Structure formats: structure tokens, C-alpha cells
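To keep things clear, I will list the structure first and then write my remarks on it.
The values are calculated or read from the model by the stated rules, or taken from the named source; none is laboratory data. Please read these numbers as outputs of a predicted model, since none were measured by experiment. All Cβ positions, glycine included, derive from the backbone under ideal geometry; neighbour counts span all protein chains shown. What goes into the accessible areas is simple: the full protein's heavy atoms, side chains included, and nothing from ligands, DNA or RNA. Shrake-Rupley method; radii C 1.70, N 1.55, O 1.52, S 1.80 Å.
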Amino acid sequence: MRKYISMMAIAIAAVFATSCSNDEVEISQGIAVKVDPSNVIAPFTYEIVAGELESFGTSYKLRTRVLAYNDQGLLAAEATDYLTNYASIMNSILYLPEGNYTLLAITDVVERKNEATSFEFWTMTGEDNINTLKLSDAGYIGGKNKILGVASKNVSVSSGSEAFTLNPQAAGALILIEYLNIHQFSNVTEYKLQANRTCDFLAFNSNGQYVTTPENKNNQYSWRLTYINPQESSFASINSTYRYSFSFPMNNVSYRYVYSTSSVTDEAITPDLTIYSLKAGDEYVFILDLCDEDYNNGVTYYYGKINGTSSARQNAPAKKNVSTPSPQYSVPSSPVKSMRVLDLLEKL
């Protein structure tokens with residue numbers, strides 16, 4: 001019996017030795033990955049209130065995620081941190097075997113309660129494979145808190161000494177939307193800015209570049225960017241207000257202001273206001289003034305790009321008088337001159 005046990009032990013040891021000599025054991029390297037989100041809001045150079053784009057409410061955090069995909073597109077490692085503002089830095093260590101990887105950094109604003117995410121504007125699905133990864137709109141009007149940042153970098157890991165920095169950029173454009181003299185017409189229950197195109201998600205290719213797929217329903221104005229109800233008590237002492245909206249890049253997208261009363265819904269105030277190429281990092285302003293300088297029931301509108309090198313940053317497109325089927329919206333009898341964007345914004 002003792003002889004049998006000894007022989008079995010020798011056989012097991014031999015099998016174990018063979019297994020160890022034939023199998024390749026992958027050794028993970030600890031690599032440092034830093035994410036600097038400050039560039040996400042850097043191109044958005046105009047704010048109504050100084051600093052309002054750089055921070056958020058105390059219950060909100062900047063969720064910053066790093067995902068590492070191997071050369072087969074599979075998720076190999078990930079890390080998440082919650083920052084207090086865009087000036088903060090995320091530092092993480094990812095453990096990866098030697099090889100080639102695509103690193104992704106994604107930033108978005110979320111609400112945190114009891115160390116858990118209680119509310120988000122963007123949902124992530126399919127993250128196990130870069131080719132199925134998708135960031136989808138959760139369906140809420142989030143204003144400036146909906147700004148989404150993305151960066152990608154293809155890297156090679158060969159030792160534990162590597163360190164990489166990712167600088168996410170805004171994945172879309174920021175639109176500043178203003179409503180001036182909102183109590184000019186007492187029977188109006190709602191004003192909106194609508195769009196005839198939308199893009200509700202980002203997908204990614206094998207190189208880590210994001211891809212947009214705009215949606216268009218026969219050029220119908222099926223989507224709203226913002227809305228206000230001037231009859232709400234919160235607007236009782238406010239004559240003018242503004243909102244922000246974030247939009248993915250699109251071509252030939254048109255917008256229009258509309259109003260509703262007890263008898264009409266989404267009646268157009270303006271004609272099509274078209275942006276032929278809405279690019280990531282652009283900042284536009286749309287302004288609806290329900291009472292012009294002469295206070296003669298004239299309705300005027302303005303829109304244009306207010307960042308970058310466009311001349312619209314200094315001068316808005318010329319004022320246009322707008323008439324609608326409602327007799328309350330009459331066209332001013334005398335022409336009105338153009339105004340600088342900064343002058344218009346001072347009216348708030």
C-alpha cells in the first residue's frame with residue numbers, strides 16, 4: 001500500500017511539472033493612466049455666469065472612466081473615479097499583460113448619493129467589447145451637466161514602467177438658448193426650441209474612435225432642446241432666462257422657436273434656423289426676444305456661433321423681424337439694426 005501511494009505521488013508530480021513547463025503564464029504589468037478632463041469644457045468660452053460650466057451642484061460629480069481594450073477588442077481592465085470639477089485629475093493603475101491596447105477615457109456628470117450613482121444622463125452598454133460599446137442618452141434634458149467628454153489612445157505595454165495621459169475632448173457642441181421678455185404675451189403657456197434632427201448615442205470602432213448616427217424624421221421638428229413655462233410661479237419675478245443644451249455633431253440641422261397656448265400647440269415663431277455643420281467643440285447661441293427695443297410687440301431672434309474664429313463670435317447675424325399667424329406677434333413697422341452678441345447677452 002505504501003508503495004502504491006509513493007508511485008501515485010510521483011505520477012502527480014510529473015503531470016504538474018509537465019503542465020507548468022508547457023503553459024504560458026501571462027504576467028500583468030501595473031501601468032499608470034492619468035486623465036485630465038479640463039479640455040472637455042475648454043472650447044466653450046462663453047458663460048452667462050462666470051465659472052458655471054466648470055463645476056456643478058454638491059451632489060453631482062464628474063464620473064471619469066478608463067477602459068482598456070486588447071487587440072481583439074475585449075475589455076482587459078477598467079477604472080472609475082468621481083471628481084469634484086473639471087480641474088481635478090484622475091490617477092489610476094491598470095494591470096495589463098504585455099501587448100497592444102486601446103485606452104478610452106469617458107467623462108460625464110452624475111448624481112451621487114451614499115457613495116452610489118443615483119442619476120445619470122448617459123448610460124453605458126456593451127462595454128465588454130469595444131465594437132459593441134455604446135453611450136446612450138438616458139432621455140433627460142440635462143443642460144450643461146449633459147456635456148460628455150471622450151478620448152482614445154492606442155498604446156503598447158511591454159513593462160511596468162509605462163505611464164499614459166488621456167485628455168478627453170467634448171464629444172459634441174454646446175448651445176446657449178435664451179428667452180428674453182418672457183411675460184410679453186400673457187396667454188402663452190410654453191416656449192420651446194425644437195430641432196429636426198437628433199443623435200442619441202455614440203458607438204465606437206475598433207480603433208477607439210467614436211461614431212455618431214443622426215436621426216431624421218422627414219425633417220419634422222420632433223425633438224426639443226429646451227422649454228420654459230412662463231406662467232409657472234418660479235418665473236413670476238424673472239423677465240428673461242436661459243438654458244444650455246449639448247448636442248452631438250450633425251450636418252444640416254435646423255432649429256426653430258415655437259409657442260403654445262390653450263388653443264394652439266407648437267406654433268412656429270421663427271423660420272428654420274440652420275447650422276450646416278455642427279461640430280464637436282462648437283458653441284452657438286440662440287436668442288428669442290419677445291419684445292424689441294421699441295416695445296411695439298415685435299418679436300426678434302438671433303443665432304450664431306460664439307466661439308472659435310468665426311466672425312459670429314463678435315457680431316450676431318442681422319436681426320430679422322418675425323411674424324406668426326397670431327395677431328399678437330406683429331412685425332415692427334421700422335427696420336431694426338443688428339446687435340453684437342455680447343450686447344444681447346447683457347440684457348439678461
What list of ³J(HN,Hα) couplings, whole Hz, do you get for the stretch 108-119 from phi and the Karplus terms 6.51, -1.76, 1.60, once you set θ to phi - 60° and write x for glycine and proline? 7, 8, 9, 9, 10, 9, 6, 6, 9, 7, 9, 7
Quantify, in whole percent, the carbon and sulfur part of the accessible surface of the stretch 51-130 (1.4 Å probe; protein heavy atoms only). 43
Evaluated at q = 0.13 Å⁻¹: base-10 log I(q)/I(0), Debye formula over Cα of the stretch 180-308: -0.61
Rounded to the nearest 10 Å², what accessible area does Lys305 have for a 1.4 Å probe in the complete protein model? 50
So for each of 265-273, 98-106 I average, over its residues, the number of other beta carbons within 10 Å; can you give me the resulting order with the highest mean first? 98-106, 265-273
Projected onto the charge dipole of the stretch 203-286 (unit charges on the beta-carbon of Lys, Arg, Asp and Glu, signs +1, +1, -1, -1), the Cα from Pro230, Phe204, Pro249 with the largest positive-side position is that of Phe204
At 1.4 Å probe size, what's the solvent-accessible area of Lys192? Round to the nearest 10 Å². 30
Give me a comma-separated list of calculated 3J(HN,Hα) values for the stretch 182-190, in order, Karplus coefficients 6.51, -1.76, 1.60 applied at θ = phi - 60°, integers in Hz, x for any Gly or Pro. 6, 9, 5, 10, 5, 8, 7, 9, 7
Using only the alpha carbons, work out the radius of gyration and Dmax of the stretch 25-65 in angstrom. 16.7, 57
